[in-house]
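Peer 1: The structure follows.
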Amino acid sequence: MNPNPQYPGQPVSAPPPLGTSGLAIAAFIVGILGLCSICPGLVAIGLAIGALVKIGNTPGLGGKGLAIAGIVLPLVGIPIQLAIAVPNFIKFQSRAKQSECKSNLTSAYLAEKSYFAEKQTYTPNIAEIGFSPERGNRYAYFFFDVGQVEDRSTATPATTPGAVGVGVDTFKYRDARPLAFGDLPSLAGEVKPGVHGQCPECSFVVVCAGNVDSDATLDVWSISSEDRTGARGETVPAGMPHNDVNDTTD
């Protein structure tokens, strides 16, 4: 059979080159962006697959290497993205957990102020002001630097008359350790939880502490009925939860 029926005696020539596939070029460019972000990486892989299909079906169309690079680059970027994203996600989770402490400290402050308005004194007794955080608390709460705290190591907390704090819910978080006031570092203004001074000319401080990640450092917050000075010389307003030790930055 004649290899070239149109021109007898001449071999069939290869099709003329058609240049580089635009899809392949786009896949390569987007693939570079895919080194830093997952979404462009997925787009690059889609473009690259489309480019390879078109190149395979179109003789003379180039760009196969660029299309392959458009697939490889996002895959190379995945470990980089994970190295950045995972620590940031852990910090985000830790900051979300801090909202428990801040919310309960604000509730404690309002309860103490309400008690003072009626009694002209503050109290470290949590039952007297009705302070009882919801179960599942990751933080321990201290209204005084000595005395018993409510034990939350069982499904039903044991009644603790005169309790001056609430323990970490170790029944729900079995890996969490119970905390005592002695586990805490120094607080802003070197204050301690409790009622200070002779009432009615007195003040109070409430402290919470918890472990929001897997290290040994505690996340510690406090709130006071008086303005005080923070560790960096900043003014800490009365009634404002103050982060004495920020475990999310360690």
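Peer 1: With the structure loaded, tell me whether K54 is more than 30 Å from D175 (Cβ to Cβ), of a type in the set (D, E, K, R) and modelled with pLDDT under 85 or whether it fails that test.
Peer 2: Yes.
Peer 1: Further, regarding this structure: Starting from region 25-39, keep only residues that are assigned by TED's automatic domain parsing to the domain that holds A69, then list their pairs with residues that are at pLDDT below 75 whose Cβ atoms are within a distance under 6 Å, requiring at least 6 positions of separation or different chains.
Peer 2: Matching pairs, first to second residue: G34/G77; L35/G77.
Peer 1: Considering only region 27-71, how many residues are polar (S, T, N, Q) and crowded, with 16+ Cβ neighbours inside 10 Å?
Peer 2: So the count comes out to 0.
Peer 1: Return yes or no: is E190 closer than 15 Å to A108 by Cα and among the acidic types (D, E)?
Peer 2: no
Peer 1: Now a separate question. Name the residues in region 216-229 that are of a type outside the set (A, V, I, L, M) and surrounded by 16 or more Cβ atoms within 10 Å (Cβ to Cβ), would you?
Peer 2: D219, W221, S222, S224, S225, E226, R228
Peer 1: Out of all the residues in region 134-148, which are assigned to a loop (DSSP other than H, G, I, E, B) and buried (at least 21 other Cβ atoms within 10 Å of the Cβ)?
Peer 2: Across region 134-148, the qualifying residues are N137, F143, F144.
Peer 1: Residues G46, G65: which one is at pLDDT 70 or above, in a helix (DSSP H, G or I) and under 36 Å from the mean Cα position of the chain (by Cα)?
Peer 2: G46
Peer 1: Mind listing just one residue for me: the one in region 198-214 that is assigned to a strand (DSSP E or B), touching a residue at least 40 places away in the same chain (Cβ under 8 Å) and out of contact with any helix residue (DSSP H, G or I) (no Cβ under 6 Å at 6 or more places or on another chain) and, of those, farthest from Y139 (Cα to Cα)?
Peer 2: C202
Peer 1: Considering only region 207-238, state which residues are in contact with a strand residue (DSSP E or B) (Cβ under 7 Å, 6 or more places away or on another chain) and farther than 28 Å from T170 by Cα.
Peer 2: S225, E226, D227, R228, T229, G230, T235, V236, A238
Peer 1: Residues of region 149-189 being free of Cβ contacts under 8 Å to residues at least 40 places away in the same chain and part of a helix (DSSP H, G or I), which ones?
Peer 2: F181, G182, D183
Peer 1: Just to be sure, is A180 under 18 Å from K97 (Cβ atoms) and of a type in the set (A, V, I, L, M)?
Peer 2: Here the answer is no, as A180 does not meet what is asked.
Peer 1: Here's another thing I want to ask about it. Being small (G, A, S) and more than 22 Å from E134 (Cβ to Cβ) is the requirement here; does G210 meet it?
Peer 2: Spelling it out, it is not the case that G210 is small (G, A, S) and more than 22 Å from E134 (Cβ to Cβ).
Residue by residue, here is whether (1) surrounded by 19 or more Cβ atoms within 10 Å (Cβ to Cβ); (2) at positive phi; (3) not aliphatic (A, V, I, L, M) holds:
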{"position": "Y173", "(1), (2), (3)": "no, no, yes"}
{"position": "L184", "(1), (2), (3)": "yes, no, no"}
{"position": "G189", "(1), (2), (3)": "no, yes, yes"}
{"position": "F204", "(1), (2), (3)": "yes, no, yes"}
{"position": "A209", "(1), (2), (3)": "yes, no, no"}
{"position": "S214", "(1), (2), (3)": "no, no, yes"}
{"position": "A231", "(1), (2), (3)": "no, no, no"}
{"position": "P237", "(1), (2), (3)": "no, no, yes"}
{"position": "D247", "(1), (2), (3)": "yes, no, yes"}
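The values are calculated or read from the model by the stated rules, or taken from the named source; none is laboratory data. Model, not experiment: these values are computed from the prediction. Backbone-built Cβ (ideal geometry, glycine too); neighbour counts: all protein chains shown.
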